[in-house]
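What follows is one structure encoded as structure tokens, with my remarks underneath.
The values are calculated or read from the model by the stated rules, or taken from the named source; none is laboratory data. The structure presented is a predicted model; accordingly, all values stated were derived computationally and were not measured. No Cβ is skipped: glycine too gets one built from the backbone with ideal geometry, and neighbour counts run over all protein chains shown.
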Amino acid sequence: MVDEDEAGSPRRAFGRRRRANVPAGRPGRARRYEVSVTPEEDVQLQARAAVRDVTVPRLLFESAMASGVEIAAERKQAIVMLFKLQRQMATVANNVNQLARYANTDGRFPAEAVAVVAEYRKLAKQIEASMAVVNGR
């Protein structure tokens, strides 16, 4: 459905299809990026753009600029971090076992256990943050 604005120019009923103009123009020259895709990827991009009623360049731009965009490199870094944290957690678990053994034989909980529990909590938070990245949250 196309309406007319006060000046008599046609306009879309649900807003513009292109981005709004920037007051006083864009500073400097606009940058242009090229993306090469396979024919199969092109078909997928065209289909996704058609479903959203946008052009492929608009789809790519909006997708890239959306918050929470996950890229493969970030996911790989998070997985590497998880393996590192797993090794550290195993070390902490070993320390907890030693402290528990000591507490069971001596009948009292050692003071060093407080630091081990703090280290465990710190690692648990790091693992939770890394899992959020891996799961795309």
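I need the full set of residues from region 95-114 which are loosely packed, with under 11 Cβ neighbours inside 10 Å and either assigned to a helix (DSSP H, G or I) or within 21 Å of the chain's Cα centre (by Cα) (or both), in order please. Before the answer, list the steps.
Applying the first criterion (loosely packed, with under 11 Cβ neighbours inside 10 Å) to region 95-114 yields 97, 101, 104-108, 111, 114.
Selection gives Asn97, Arg101, Asn104, Thr105, Asp106, Val114.
Please verify whether Lys76 is of a type in the set (Lys, Arg) and more than 30 Å from Arg31 (Cβ to Cβ), treating the condition exactly as stated.
Numbers: of a type in the set (Lys, Arg): yes; more than 30 Å from Arg31 (Cβ to Cβ): no.
Here the answer is no, as Lys76 does not meet what is asked.
Can you find a residue in region 56-71 that is closer than 30 Å to Glu34 by Cβ, in a helix (DSSP H, G or I) and charged (D, E, K, R)?
The first filter runs over region 56-71 and keeps only residues closer than 30 Å to Glu34 by Cβ, leaving 56-71.
Cutting the leftovers down to in a helix (DSSP H, G or I) gives us 56-65.
After this cut, where a residue has to be charged (D, E, K, R) as well, the list is 58, 62.
Scanning region 56-71, I find at least one residue that is closer than 30 Å to Glu34 by Cβ, in a helix (DSSP H, G or I) and charged (D, E, K, R), so the answer is yes.
Among the numbered criteria (1) at pLDDT 85 or above; (2) surrounded by 13 or more Cβ atoms within 10 Å (Cβ to Cβ); (3) among the polar types (S, T, N, Q), which one does Thr38 miss?
(2)
Report yes if Thr55 is surrounded by fewer than 11 Cβ atoms within 10 Å (Cβ to Cβ) and hydroxyl-bearing (Ser, Thr, Tyr), otherwise no. Talk me through it step by step, then tell me what you get.
Details: surrounded by fewer than 11 Cβ atoms within 10 Å (Cβ to Cβ): no; hydroxyl-bearing (Ser, Thr, Tyr): yes.
Spelling it out, it is not the case that Thr55 is surrounded by fewer than 11 Cβ atoms within 10 Å (Cβ to Cβ) and hydroxyl-bearing (Ser, Thr, Tyr).
Just to verify a result, which residue in region 65-91, among those that are β-branched (Val, Ile, Thr) and out of contact with any helix residue (DSSP H, G or I) (no Cβ under 8 Å at 6 or more places or on another chain), is modelled with the lowest pLDDT?
Filtering region 65-91 for residues β-branched (Val, Ile, Thr) gives 69, 71, 79-80, 91.
Filter once more, keeping what is out of contact with any helix residue (DSSP H, G or I) (no Cβ under 8 Å at 6 or more places or on another chain): 71, 80, 91.
Values: Ile71: 72, Val80: 86, Thr91: 87.
Ranking the qualifying residues of region 65-91, first place goes to Ile71.
Consider region 103-137. How many of its residues are touching a residue at least 40 places away in the same chain (Cβ under 8 Å) and not aliphatic (A, V, I, L, M)? Lay out the reasoning, then the answer.
At the first step, the residues of region 103-137 found to be touching a residue at least 40 places away in the same chain (Cβ under 8 Å) are 126-127, 130-131, 133-134, 136-137.
Now drop any that are not not aliphatic (A, V, I, L, M), which leaves 126, 130, 136-137.
Qualifying residue count for the region: 4.
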